[in-house]
Amino acid sequence: MHADVVVIGAGQAGLAAGHALRRAGADFAVLDGNAGPGGAWQHRWPSLRLGAAHRIHPLPGLPLPAADPAAPASEVVADYFADYEQRFDLPVHRPVAVRSVRRTAEGFALDTSAGEWTAQGLVNATGTWTRPFWPAYPGRELFGGRQLHAADYRGAEEFRGRHVVVVGGGTSAVQQLIEISAVADTTWVTRREPVWRSGGFDEDAGRAAVALVDQRVRAGLPPGSVVGVTGLVETDAVLAARARGVLDRLPVFDRLTADGVVWDGDPGRFVPADVVLWATGFRPALEHLAPLHLRGPGGGSAMDGTRVVAEPRLHLVGYGPSASTIGANRSGPSAVRELLRTLGGDVAA
């Protein structure tokens, strides 16, 4: 199978790119590894309500529908994405897992779960959800309780009456910690002291975050954490949890034991644990691009905006400075415009 441009992934960035390709009249296809619409949103924990979800922005050309803030964000966003695909007649093929991408004389060949696809240009929009990061800590293999990643969290009720150590300083860590603390004893640990933002996330903070992450990817470094720049927003739920002592954070422990966690530098400090929840973030899902040998000495792919410097026919959207929902909206169309210019008369438009 062939399309002049293949978009890999049908989340926020992939759909925004698909919309731009449809408007340009290009020959394209969107390959999505999920069984249904919704991108990573369909996998969010059911108790995450729309009103508490972090900055959902509408896709180009279609406003977000009015919805009950108490409705599960996963359901609302998945329904919205499904409607978007239908309204703009986007050629989404699923479930199609892209296993590897290699160069050809004409462009690229994609080995997928549905056979081989070929394309002259690629827009990669695979996000991070499928690559949860599990940090290495001494004693992890000795711990006798349950360990799970934030990606596997489905709700607080299963932890009722237990002691849960939540590791991580991001938004998901805070949201899950607050939920769990209502039914269980919790301990929160982070590598760095959290920075709280009482005034919300304004444009200046957004520009600062984007500039720093963009600087990293232009230098060929892996994208850094946006939360380190923007800080954590002090919502009403956060203020209530702080009043209960839930957000009295500890520095991260040195090792795990069979029944808890230990700080070697603070003799005698031991916290018993039944569960360790690793809310330690994600890494870009780019393994399928490994045959292209894009990674440089800095550990990442050098970028110029969304374009991979070493391969101008490939754009990464929803990556680095465009990883937010509003960034994905903007990067998808801009990547398409630049890619179609690069391909020139080699594509149908």
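A few notes on this one:
- Linear extension gain, residue 257 paired with residue 99, 0.36 nm per residue minus alpha-carbon span: 53.1 nm
- Each residue, residue 337 and residue 264, gets one label point 7 Å from its Cα in the Cβ direction; the gap between the two is 5.4 nm.
- Gain in span if fully extended, residue 111 to residue 158, counting 0.36 nm per residue against the direct Cα distance: 13.0 nm
- Spin-label model distance (nm) - residue 82 vs residue 67, 7 Å beyond Cα toward Cβ: 1.1 nm
- Order of 178, 56 under a 10 Å beta carbon neighbour criterion, fewest first: 56, 178
- For region 1-52, alpha-carbon Rg and Dmax in angstrom: 13.6, 42
- Taking one quarter of the surface of the convex hull spanned by the alpha-carbon atoms of region 32-168 gives a direction-averaged projected area of 12.0 nm².
- Modelled FRET efficiency - R0 30 Å, residue 35 with residue 236, Cβ distances, 0.05 increments: 0.25
- The helix-based estimate of mean residue ellipticity at 222 nm for the chain, built from -39,500 (n - 2.57) per DSSP H run of four or more residues and divided by its residue count, is -7500 deg cm²/dmol to the nearest 500.
- The distance separating the Cα centre of region 282-317 from that of region 16-45 comes to 20 Å.
- A Cα-only calculation for the chain places Rg and Dmax at 21.3, 70 Å.
- Cα gyration tensor category, rounded, prolate or oblate, for region 235-298 with a/c compared to 1.5: oblate
- Theoretical FRET efficiency, 1/(1+(r/R0)^6), r = Cβ-Cβ of residue 146 and residue 49, R0 22 Å, to 0.05: 0.30
- Distance from the C-alpha centroid of region 155-176 to that of region 239-267: 12 Å, rounded to the whole angstrom.
- Computed from label points 7 Å out along Cα-Cβ, the spacing between residue 192 and residue 133 is 1.1 nm.
- Per-residue Cβ neighbour rank within 10 angstrom, fewest leading, 137, 319, 153: 137, 153, 319
- Over region 107-177, the ratio between the Cα radius of gyration and 2.2 N^0.38 Å evaluates to 1.69.
- Cα long-axis angle, helix 325-343 against the chain (0 to 90 degrees, to the nearest 10): 30 degrees
A short reminder: the numbers here are calculations on the coordinates, not readings from a lab. Owing to the predicted nature of the structure, the values given are computational and were not obtained by experimental measurement. In this analysis, Cβ positions are derived from the backbone assuming ideal geometry, glycine residues included, and neighbour counts consider all displayed protein chains.
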